[in-house]
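Visitor: Take this structure, written in structure tokens, and hold onto it; I'll ask about it next.
The values are calculated or read from the model by the stated rules, or taken from the named source; none is laboratory data. These figures come from a predicted structure and were not determined experimentally. So basically every Cβ, Gly included, is an ideal-geometry build from the backbone, and we count neighbours across all protein chains shown. Note: accessible area is taken over every heavy atom of the protein model, side chains too, but ligands, DNA and RNA are not part of it. Shrake-Rupley method; radii C 1.70, N 1.55, O 1.52, S 1.80 Å.
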Amino acid sequence: MFLIPFAGAIVSFLLFLSHWLETYQVRGKQNNKNRNPSYVSLSNLVKFNTNLLYDYSSALLFLIVSLVQFHMTAEFANSFSLFPYLFGFHIPLLLLIGPLCYLYFEKMSNGSIDKVPFFHLIPSILSIGFIILLRATNGNDIMNLGQSKFLGQSSEKWIFLLLGLGVVSIFFYTSQILFQFVKWRIQSKEDIKTSFPPFLRLIVYTTSITFLFLIAQIFYMEVFLLACSGLFLLLIYIFLQRTNRFEIIPNFETETSVARYKESRTKGIDIQHVIKRLDYLMNTEHLYTNEELTLQTLASRLDLDSHQLSEILNHNLGIGFRNYINEFRLETAAKLLKENPGMTIISIIYASGFNSKSAFHTLFQKKYGVTPQVYRKNFL
């Protein structure tokens, strides 16, 4: 029986490694691009840690799922008689699954964290202290949890209560995610038309598995094997989709990003959401490659007036529209020069969005200090 959670733990750990490596590479590129010698203040440190948790939420989620399943395996194999102090460590981890699911949803839907999310971690932190009070000091204590007492109740009952709270926490966070997604579906039916059905199926399936674990833990332990099998199949499906580079939920990031942005616009101009949406249009849809792109065209994609977008660019990003677009074009041209030695420079100019050879050469030499030809030779 313990082979199923053990296999699930291995698959979860592989997913953790995959997400961690991907996030590490993305953050490395962003850090190189946004290297800033400014001083480190307390607020910057808090923001850094918050963004770190936000970026690595998917990796941490799969790591925790893996550790919880390793705990299940050890419990089935009666290994805690040898390592009694490790008994119960899955409860604080279980209380982290819900918050991490929500953070991952925020990340994938191009959301932002304006407040420090550490209050979501409080139940998990408190449960660590509680587990220490209930901890077993030897293997015999684990076997006799039903006889040991704490505040008038057996330690076994307290363990069941904490496990129940962990499952309820997962239900709470997944229901918040589902509520948000359904609200977007009602408000803008066409915007999330593709991603809604597979997302709904995934949420229903995941919730069903969680419910089976709750039933198994509190009422009918025979259901536990079914719950473990269901979780294992879900992890295998995610792993295979990721290995083959298929989207689990097609167009999820694109559609939810649009829906989230439109929702924010109904409340007035949210500068941070505009900047995030602008960054998404540049880095994902590569609008700058359109040589006919104008301030008015870009503003219309953001549901803004041209003067509003111009003000945001100048006052919040400290750059004019033309320079903003040219920065993306120049970075793309430099990348093509390095990675495509067989591509002609004239082809690179037009592929980057420039419509003037002379303007490209002038701007490129100003930014990189050398001509495009010399720049390419340096990487050959």
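Visitor: Return the subset of LYS338/LYS366; LYS107/LYS189; LYS107/LYS193; LYS335/LYS377; LYS107/LYS366 for which the Cα-Cα distance in this structure is over 24 Å, preserving the input order.
Guide: LYS107/LYS366
Visitor: Under a point spin-label approximation (7 Å from Cα along Cα-to-Cβ), what is the LEU226-THR371 distance to one decimal in nm?
Guide: 7.4
Visitor: What shape does region 230-380 take by its C-alpha gyration tensor, where a ≥ b ≥ c are the square roots of the eigenvalues and a/c under 1.5 counts as rounded, a/b above b/c as prolate, and the rest as oblate?
Guide: Oblate, since a/c reaches 1.5 and b/c is not below a/b.
Visitor: Let me ask you something else. Within region 227-290, report the trypsin sites (Lys or Arg not before Pro) that DSSP leaves as loop and that have at most 15 other Cβ atoms within 10 Å. Can you show the working numbers first?
Guide: Working: sites: ARG242, ARG245, ARG260, LYS262, ARG265, LYS267, LYS276, ARG277; in loops: ARG245, LYS267.
Those satisfying the criteria are ARG245, LYS267.
Visitor: Going by accessible area, probe 1.4 Å, with all protein chains left in place, what is the ranking of ASP270, ASP303, ASP191, largest first?
Guide: Values: ASP270 55, ASP303 80, ASP191 35 Å².
Correct descending sequence by accessible area is ASP303, ASP270, ASP191.
Visitor: Assuming R0 = 30 Å, can you tell me the calculated FRET efficiency for the pair LEU233 and VAL182, based on Cβ-Cβ distance, to the nearest 0.05?
Guide: Once rounded, the FRET efficiency stands at 0.75.
Visitor: Using the Karplus curve 6.51 cos²θ - 1.76 cosθ + 1.60 with θ = phi - 60°, work out ³J(HN,Hα) for each residue of region 165-177 in order, rounded to whole Hz, and write x for Gly and Pro.
Guide: Using θ = phi - 60°, the values come out as 5, x, 5, 4, 4, 5, 4, 4, 5, 5, 5, 5, 4 Hz.
Visitor: May I ask you to rank CYS101, CYS228 by accessible area, largest first, using a 1.4 Å probe over the protein chains only?
Guide: On the way: CYS101 35, CYS228 5 Å².
Listed by decreasing accessible area, they come as CYS101, CYS228.
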